[in-house]
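J.: My questions all concern the structure below.
The values are calculated or read from the model by the stated rules, or taken from the named source; none is laboratory data. Just so it is clear, the model here is predicted, and its values are computed rather than measured. With ideal geometry, Cβ positions are generated from the backbone for all residues, glycine too; neighbour counts draw on all protein chains shown. These area figures cover heavy atoms from the full protein model, side chains too; ligands, DNA and RNA do not enter into them. Shrake-Rupley method; radii C 1.70, N 1.55, O 1.52, S 1.80 Å.
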Amino acid sequence: MTTAPADPIRASYLVRCSAADAEGAARAIAFEQTVEVPEDFIKDDALRERIVGRVRSVAPQPGARDLHRVEIDYNPLLGGGRLPQLLNLVFGNVSIYPEVRLVDLRLPDAFLARFRGPRYGVEGLRRLLGVHGRPLLATAVKPMGAGLEHFERVVRDFALGGGDIVKDDQNLADETPADFLRRVERCQRAVEEADRSTGRRALYLPHLTGTQEELEERLRALHGLGVRGVLACPAILGLENTRSFAEKHGLVLMAHPAFSGTLYAGREPRVDPGLYLGTLMRLVGADVSIFPNAGGRFAFTPEDCAGVSRRLAEPLGTLKAAFPAPAGGMRFESLAGMAERYGAESVFLVGGALLSHHEDVRRGTEAFLGAMRKLFKERLEAPSAEEAFSSACELPSAKKGAVLDRLAFRPDWSWEGRPASAYKADETLPFQGVSRRELVGAHGEKTAFDLRYFELAPGGHTSLEKHAHTHTVVCVRGRGVLVKGKKRVELGGMDIGYVGPFETHQLRNEGAEPFGFFCIVDRERDRPVAP
């Protein structure tokens, strides 16, 4: 066994083997997932300590014969702060072992800080829609082959009936990219017309699929059409691809489980359903995660559903909670049981039962909402303009079409149109005497970075913190000190300082004059955490 990292990535497995073989099986997993060589091959003790997974515990699973729960701690650096590397670390080669199941992950806050997670989450999506106190109601545009007029009518009537989210069925296919855009434009226009009529806001989520090149083209087109979100199948597109476009484009993301059932369905699931459909979907950035409802046409149990819902809501670093969306075989008569099982913080995804409940979709939607309002105390507000969708290249506060030509500098070390703002919203990470000005990036400029100006009063200092993104600091006024771990780097006029990923750092003014510096950071970045 090796020495445990201070704050490890902890993976829990269920391993089917005899009691006599359990310890050996646990060590085999730890070696296979890290160095991928037999145990006796590693002679270097330092290598074992830094790299090889540490078996933390091995215990028989209560009530199960020849089944053991194994916990292994991995050095978080081996996860690389990236989703593909994390998945390979905890379940790469051993996913091929039929006797090994991945059932839990504990991820340290410093690792989680690399992930944005759901952009909107439960609260943000509620503000966007203006709906509080009850589950959101969603349906699907189906069936494939019904034609544009039918799809357009379903979207419009659902929104007119008061529905919240209408998504493409995940099997809707278009012959050409032009067909896709034509269908999306018609459906988006229909939902906007309904919104103007009702004074509410409903979301239309087209199914995003295609090649890598097509995805980017379609995402740009969706922004141009005013579409605020998408349905995506992360197991088909790839978890990292999905995470990347969700973070970059800022759309509401509803994740569909298509093609992922081989991981968690059946008598011997390879991955815990809640872990995949809950924890991993939040890492991917899903605001809503669809999963099979117990009692429907899929073999999910109430315990499976409860596990998914729990993981979508439980604390996970600073990542927002996401909506659970049970679906499949939901009926009007089952709403009371659904309400008891999932509560208000959920999305009820009702497809065929809603579309066929009355002779038209609008009446079916009104009927389902009426039943839900008897079970929950609904509170409606005006949809939030501040929660309008944004991308990495366009923030909600930006004025469309505005072009930055010049920021006029003033002798008092300020810039025209760029007032000072609070350094941090709270004092969780202590600081003193810091002023901040957002110069480029936060006002709608199409950049991949933010340029800010900070000024420290004499005796002032920024927070002592660390994070995954990097800093470039350019000293332009006075002198200061950049503290990096145990190092002190003095900065004078036009000196440039650099802070790498996860380096503990702080900027200080130990002189008698103001210390001012430009700071350049990635537009999309993680939140600072304490050292």
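J.: Take the Cα of Asp360, step 7 Å along the line toward its Cβ, and report every residue of region 150-193 whose backbone nitrogen sits under 12 Å from that point.
T.: 153-154, 156-158, 160-161
J.: Could you tell me what percent of the accessible area of region 422-531 is made up of carbon and sulfur, with a 1.4 Å probe and every protein chain present?
T.: C and S atoms contribute 54 percent here.
J.: Length gain on complete extension for the stretch Ser244 to Leu77, per 0.36 nm per residue less the alpha carbon to alpha carbon distance?
T.: Gain on extension, Ser244 to Leu77, equals 58.1 nm.
J.: Quick one: ranking Tyr74, Tyr498 by accessible area, 1.4 Å probe, largest first, what do you get?
T.: Ranked from most to least accessible, the order is Tyr498, Tyr74.
J.: Another question, then. Only Lys, Arg, Asp and Glu count, each charged at its Cβ (+1, +1, -1, -1), so figure out the dipole size of region 47-153 about its Cα centre, rounded to 20 debye.
T.: Dipole of region 47-153, to the nearest 20 debye: 240 debye.
J.: Okay, next question. Any aspartates and glutamates with Cα under 13 Å of the Lys446 Cα? List them, leaving off those in the same chain fewer than 8 positions away.
T.: Glu394, Asp405, Asp522, Glu524
J.: Excluding residues fewer than 8 places away in the same chain, name every one of the aspartates and glutamates whose C-alpha is closer than 16 Å to that of Lys486.
T.: Glu465, Glu503
J.: Could you tell me whether region 449-488 comes out rounded, prolate or oblate from its Cα gyration tensor? Rule is a ≥ b ≥ c as square roots of the eigenvalues, rounded for a/c under 1.5, then prolate if a/b exceeds b/c, otherwise oblate.
T.: Cα axes put region 449-488 in the oblate bin.
J.: Quick one: if the Förster radius is 35 Å, what FRET efficiency do Tyr498 and Leu375 give, using the C-beta to C-beta distance and rounding to 0.05?
T.: Working from the Cβ atoms, E equals 0.05.
J.: Which percent of the accessible area of region 121-164 is formed by carbon and sulfur heavy atoms (probe 1.4 angstrom)?
T.: Within region 121-164, the accessible surface is 55 percent carbon and sulfur.
J.: If you don't mind, another one. At 7 Å along Cα-to-Cβ for each site, give me the label-to-label distance between Thr447 and Ser384 in nm.
T.: 2.6 nm
J.: Under the 0.36 nm per residue contour assumption, what length would be gained going from the current alpha-carbon distance of Glu524 and Arg182 to full extension?
T.: Extra length available between Glu524 and Arg182 comes to 120.0 nm.
J.: State, as an integer percentage, the relative contact order of the chain based on alpha-carbon contacts under 8 Å between residues 6 or more apart.
T.: 13 percent
J.: When all protein chains stay in place, what accessible area (Å², nearest 10, 1.4 Å probe) is found for Arg153?
T.: It works out to around 120 Å².
J.: Hey, another quick one. Tell me, what is the per residue accessible area of the chain in Å², probe radius 1.4 Å?
T.: Result: 45 Å² of accessible area for each residue.
J.: Expressed as a whole number of Å, what is the distance separating the alpha-carbon centroids of region 207-255 and region 123-149?
T.: Between the Cα centre of region 123-149 and that of region 207-255, the gap is 17 Å.
J.: A further question follows. What does the charge dipole of region 1-114 about its Cα centre add up to, to the nearest 20 debye, if the Cβ of each Lys and Arg holds +1 and the Cβ of each Asp and Glu holds -1?
T.: I would put it at about 340 debye.
J.: Of all beta bridges DSSP finds with both residues in the chain, what is the antiparallel percent, to the nearest 5?
T.: 70 percent
J.: Given H placed on each backbone N at 1.01 Å, which residues far from Val252 in sequence or on other chains put an amide H within less than 5 Å of it?
T.: Gly229, Val230
J.: Counting only the heavy atoms of the protein chains, how much of Phe332 is accessible to a 1.4 Å probe, in Å² to the nearest 10?
T.: 70 Å²
J.: Let me ask you something else. Classify the chain: rounded, prolate or oblate, from the alpha-carbon gyration tensor (a ≥ b ≥ c, eigenvalue square roots; a/c under 1.5 rounded; otherwise prolate if a/b is larger than b/c)?
T.: oblate
J.: Per the 1.4 Å probe, what fraction of the accessible area of region 286-383, in percent, lies on carbon and sulfur atoms?
T.: Of all accessible area on region 286-383, carbon and sulfur atoms account for 53 percent.
J.: In terms of the Cα gyration tensor, with a ≥ b ≥ c the square roots of its eigenvalues, is region 19-163 rounded because a/c is under 1.5, prolate because a/b exceeds b/c, or oblate?
T.: Verdict is prolate for region 19-163.
J.: Label points 7 Å out from Cα along the Cβ direction at Glu99 and Leu148: separation in nm?
T.: Once both label points are built, they end up 5.9 nm from each other.
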